[in-house]
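A short worksheet on the structure shown next.
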Amino acid sequence: MQQFVLQSRTLCECVVIFLIAAGSVCAEEMIRIDSDHVSRHINTLASPEYRGRRGSDAQRAAEYVVDHFSRAGLQPVFPEQSFLQTIPGPRTAENLPTVAGWNVTGMLTPPHATRPDEYILLAAHHDHLGVKESGIYAGADDNASGVAMVLEAIPFLQQHINSLDCSVLFVSFDLEEHLLFGSRWWTAHPPVELEKIRLVIVADMLGRSLGDLPLNSVFLFGAEHTQGLKQEIRQIPWHNIRTSLLSDDYVGLRSDYGPFRDRKIPFLFASTGQSRDYHSIRDVPAKIDHQQVASITEGLCRLIIAISQKPDQPVWIDSPQTDQEEVQAVLEICNQIDHHAAEWNLSPIQRFFVSQATAEATRLSNQTDISSADQQRLTRLTQMLLLTVF
Ligand SMILES: [Zn+2]
């Protein structure tokens, strides 16, 4: 059939079809996120020079981000044409002001966007734990990997500027490791109207995996709070990475999405999970999967484009329902942990929670309707599982 169609065309038409096809392949190749760029950001921010990015060392990380925002041609959003937002600290004994940290924000507004005054926010935190007695806490996964994603999303979205139909705010928060103080300050003193934010994507730890398990998945938490967001995520072509949609209830308040969730702003928390080197001096650049970070970056950019094109602002759902996909995701985590139980030397209490969560997820996987009592039980057991094992 295909051959017949080709034969019925003129040679000229065939050449045009070939050129279009070849062009689209080239375009597809060209727009892939470069994992070398990702690794360069992570190697720099998690190098000894940045001393674990705390206090004045976090300020240097903020300046690194500002430098990239500025060179990429993003628009500054704070007064006096600044990318930096100062977060005040406690006053001194002499009642003088102090500075506790610096958030960074830059804006990309497509020239022909239908909704230039609506925003999608892509964020990560640049601070980490600094230097302690045991050494430098490099924080390569937590969260140089997230900052690398934000920085590499910029050229990708600039290449797709004509598909983007609202503005994008690129944000790097400070003081996440300090009770989310940076994002709390940002949401209390936002550079744009919070009501105009369509979606907030917060990334924290994209370069390793939950318990170092071979999951090849990025967990996307919180999609259940936004009407239609799960379907949008499923329609995106994710290359070399799977997505695992889970309720934010499983992890509670773990990163900078918190202050946005409190205000019922649609959000997504992207993370590949807590590795076994979480918050230790072993969270170093050599252990990062740069290709994984690049793949997630590309998927999130495609999601941003899709959300920007929606005619209406996404609608918040207060009490979402658990679905079968979520049950399957929990079941897979349980199976993977069970598989590694001997190697990890899990204690009897840890094994108990693995078996409880496995039993509950297996039971629910055979049900078409999941009641709110079922949902609560699965949530409780999954929370306990994640808390005791990791
Ligand atoms: Zn973090």
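The values are calculated or read from the model by the stated rules, or taken from the named source; none is laboratory data. Please read these numbers as outputs of a predicted model, since none were measured by experiment. Every residue, glycine as well, gets a Cβ built from its backbone with ideal geometry; the counts of neighbours run over all protein chains shown. Note: areas computed on protein heavy atoms with side chains; ligands, DNA, RNA excluded. Shrake-Rupley method; radii C 1.70, N 1.55, O 1.52, S 1.80 Å.
Counting each DSSP H run of 4 or more residues in the chain as -39500 (n - 2.57), what helix-only mean residue ellipticity at 222 nm follows after dividing by all residues, to the nearest 500 deg cm²/dmol?
Dividing the helical sum by the residues of the chain leaves -13000 deg cm²/dmol.
With a 1.4 Å probe and all protein chains kept in place, how do His125, His68 rank by accessible area, largest first?
Of His125, His68, the descending order of accessible area is His68, His125.
Along the three principal axes, how long is the range 324-389 when you take its alpha carbons, biggest first, rounded to the nearest angstrom?
36, 17, 13
Which of the lysines could a cross-linker span from Lys196 if the Cα-Cα distance has to be under 22 Å and same-chain partners fewer than 8 positions apart are dropped?
Within the straight-line limit of under 22 Å, Lys196 reaches these lysines: Lys230, Lys264, Lys310.
Evaluate the distance, in nm, between pseudo-label points positioned 7 Å from the Cα of Ile161 and of His189 along their respective Cα→Cβ axes.
Label at Ile161, label at His189, 3.1 nm between them.
Nearest 5 percent is fine: what portion of the DSSP beta bridges confined to the chain is antiparallel?
About 50 percent, rounded to the nearest 5.
Share of the chain's accessible area from carbon and sulfur, percent, 1.4 Å?
53
Mind ranking 217-224, 156-163 by how tightly packed they are, going by the mean number of other C-beta atoms within 10 angstrom, highest first?
Working: 217-224: 23.2, 156-163: 15.9.
Output ranking for 217-224, 156-163: 217-224, 156-163.
Please name whichever of Ser172, Ile197, Gly182 sits farthest to the positive end of the charge dipole of the range 160-222, dipole taken about the Cα centre and charges placed at Cβ: Lys and Arg +1, Asp and Glu -1.
The one lying farthest along the dipole's positive direction is Ile197.
Taking the Cβ of Glu193 as the centre, find all other residues whose Cβ is under 15 Å away and add up their charges (Lys, Arg: +1; Asp, Glu: -1).
Overall, the nearby charge balance is +2.
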